[in-house]
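To keep things clear, I will list the structure first and then write my remarks on it.
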Amino acid sequence: MKTKYVLLLIAILVIVLTVTMIGQTVSNENKDSLKKVNDLSDVLGKPVYESTIDSLNTKVWIISQNKNKEMLKTTTGKSMAKMKDKNTTEDKSTKAAIVSGTHYFIFDVTNITKGKEVADTSAKVEVVSPSKKIISLNLKPMMNHFGSGITLDEKGDYLFTINLNVGTSYKTTQFKYSVKKAADIN
């Protein structure tokens, strides 16, 4: 009778230890194999403009719509397909804003002291073309950045002024971007 209890106790102990070991192995593999993509640079490369004002780090990418549409077909871009499932006017206008114009303007702002995106913000960009035409766009909030399609159909230097509304304060930054050849426009 005592042998039965000893064998039962050993069997239970083996089961408990096996389950514990399997659970720890799976947990450790998940921690190591998950890669958190915090930075758009991982996907888009080096930004065309970057600055740090106070504790806010801002980055800008300007990519052609051809490149943007190709990226939307990749695994990274598949998350944008979720917008198709929603039928609200805002989602349709956001999707239309992404693919309109000749280029896609991407603006990312991060609080460097906290390492997080800045909450309660809105952004607007004003663009002065080489022929001095002024375009003003309200940037749409995307997953963890702001963006909008923009038409840069002239060769030459464009002046961008970004106005960031953070809560009750405003931050403004300016930079130049050159469209050098016809391939940049397409």
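The values are calculated or read from the model by the stated rules, or taken from the named source; none is laboratory data. Computed from a predicted model, the values in this text were never measured in an experiment. Here Cβ is always computed from backbone atoms with ideal geometry, including for glycine, and neighbour counts include all displayed protein chains.
Filter the range 78-104 down to the residues that are in a loop (DSSP other than H, G, I, E, B) and at pLDDT 75 or above, then identify the one that is nearest to residue 143 (Cα to Cα).
Here the answer is 100.
Report yes if some residue within the range 69-77 is at pLDDT below 70, buried (at least 17 other Cβ atoms within 10 Å of the Cβ) and either farther than 25 Å from residue 163 by Cβ or assigned by TED's automatic domain parsing to the domain that holds residue 171 (or both); otherwise report no.
No, that holds for no residue.
Could you check the range 141-184 and list, in sequence order, the residues that are within 23 Å of the chain's Cα centre (by Cα) and assigned to a loop (DSSP other than H, G, I, E, B)?
Scanning the range 141-184 gives 142, 143, 144, 145, 151, 152, 167.
Given the condition of a type in the set (D, E, K, R) and either modelled with pLDDT under 75 or part of a helix (DSSP H, G or I) (or both), answer yes or no: does some residue in the range 105-115 qualify?
no
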